[in-house]
Amino acid sequence: MLTVENIHSYYDKSHVLEGVSLQVNAGELVTLLGRNGAGKTTTLRSILGIICPRQGQIRFNGQQLVGQKIFEIARQGLALVPEHRGIFRLLSVEENLRIAQRKTSRWQLEDVYAMFPRLKERRKNAGHALSGGEQQMLAIARALLNDPKLLILDEPTEGLAPVIVDELVKILRKIKDDGLPVLLVEQNLMVCDKLADRHYVLEQGRVVYEGSAADFRADPTIKNRYLALSA
């Protein structure tokens, strides 16, 4: 599926990613962890073509992504749910969804309404009238309607109430069980522990740890060294 090999990405002269490599295989949910400023969002932007790495390779289903335009990469099925959610605030829930709907997607409107009953209840409400959790659900549902081959999520639970976080975990587990691979950037380690097959940890633009969910769970020193706020 997705293979990132030794990418180096910059903001002007600032060298942010220094040889990041990672992989997401078919059917996997993989997390990208690290403290603020570690390079997680820059990694996502590099994969999606928002930033063009100056060195390294990114392949999706065997196709080279480095150098392609953003819309060309999106057409190959990489779908981002950004941290700011990116919904159309003046459009209704259903209008937001229908804009993204593709006939070829395995998820159609009734499928996402079944997965997100809150959205069906509020389908006539404008985006700005939704709660933060409902906006996040709308952003994920819209991505599913667009026939993704890889779902990329940037901090989907940030700022949400625990009951909404639990609901999102159930939804992401179902998406994973349906076979859609997911690359997840997330600060909530409990969420990651419930969902992930494998973890990568970034520190100062480099991958400092890679391991299975079981290995990560069994080694608290990784969390203390690279993820604890006091570190």
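Can you go through I164, I175, I140, I152 and tell me which one is out of contact with any strand residue (DSSP E or B) (no Cβ under 6 Å at 6 or more places or on another chain) and either surrounded by fewer than 18 Cβ atoms within 10 Å (Cβ to Cβ) or under 18 Å from L44 (Cβ atoms) (or both)? First the steps, then the outcome.
Values: I164 fails: either surrounded by fewer than 18 Cβ atoms within 10 Å (Cβ to Cβ) or under 18 Å from L44 (Cβ atoms) (or both); I140 fails: out of contact with any strand residue (DSSP E or B) (no Cβ under 6 Å at 6 or more places or on another chain); I152 fails: out of contact with any strand residue (DSSP E or B) (no Cβ under 6 Å at 6 or more places or on another chain).
From the options I164, I175, I140, I152, the qualifying one is I175.
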Item to check | Inter-residue pairs, beta-carbon under 8 Å, first without any contact (Cβ under 8 Å) to a residue 12 or more places away in the chain and under 15 Å from T3 (Cβ atoms) and in the range 42-67, second surrounded by 14 or more Cβ atoms within 10 Å (Cβ to Cβ) and β-branched (V, I, T), 6+ apart | outcome: Q64/I58
Checklist outcome for this item: Checked against (1) in contact (Cβ under 8 Å) with a residue 24 or more places away in the chain; (2) touching a Lys or Arg at 6+ places or on another chain (Cβ under 8 Å), C192 satisfies every condition except (2)
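I need a count of the residues in the range 142-163 that are part of a helix (DSSP H, G or I), closer than 17 Å to V112 by Cα and hydrophobic (A, V, I, L, M, F, W, C).
Step one: list which residues in the range 142-163 are part of a helix (DSSP H, G or I), which gives 142-145, 162-163.
Pick out the ones that are also closer than 17 Å to V112 by Cα and you get 142-145.
Subsequent filtering for residues that are hydrophobic (A, V, I, L, M, F, W, C) retains 143-145.
The number of residues fulfilling the criteria is 3.
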Checklist outcome for this item: When the range 1-36 is checked residue by residue, the ones that are surrounded by fewer than 18 Cβ atoms within 10 Å (Cβ to Cβ), in contact (Cβ under 8 Å) with a residue 60 or more places away in the chain and more than 20 Å from A74 (Cα to Cα) are H15, E18, G19, S21, R35
Checklist outcome for this item: Counted residues in the range 126-181 being at positive phi and in contact (Cβ under 8 Å) with a residue 60 or more places away in the chain come to 3
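Name the residue that is modelled with the lowest pLDDT, counting only residues in the range 30-65 that are of a type in the set (G, A, S) and on the phi < 0 side of the Ramachandran plot.
Restricting attention to the range 30-65, the residues satisfying the condition of being of a type in the set (G, A, S) are 34, 37-39, 46, 49, 56, 62.
Of the ones still in play, those that are also on the phi < 0 side of the Ramachandran plot are 38, 46.
On the way: A38: 93, S46: 96.
Per the stated criteria, the residue is A38.
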Next on the checklist: Criterion first (surrounded by fewer than 19 Cβ atoms within 10 Å (Cβ to Cβ), over 25 Å from N146 (Cα atoms) and modelled with pLDDT under 90) does S230 satisfy it?
Outcome noted: yes
Checklist outcome for this item: R75 vs (1) at pLDDT 95 or above; (2) within 19 Å of the chain's Cα centre (by Cα): all pass except (1)
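The values are calculated or read from the model by the stated rules, or taken from the named source; none is laboratory data. Here the structure is a predicted model, which means the values were calculated and not measured. No Cβ is skipped: glycine too gets one built from the backbone with ideal geometry, and neighbour counts run over all protein chains shown.
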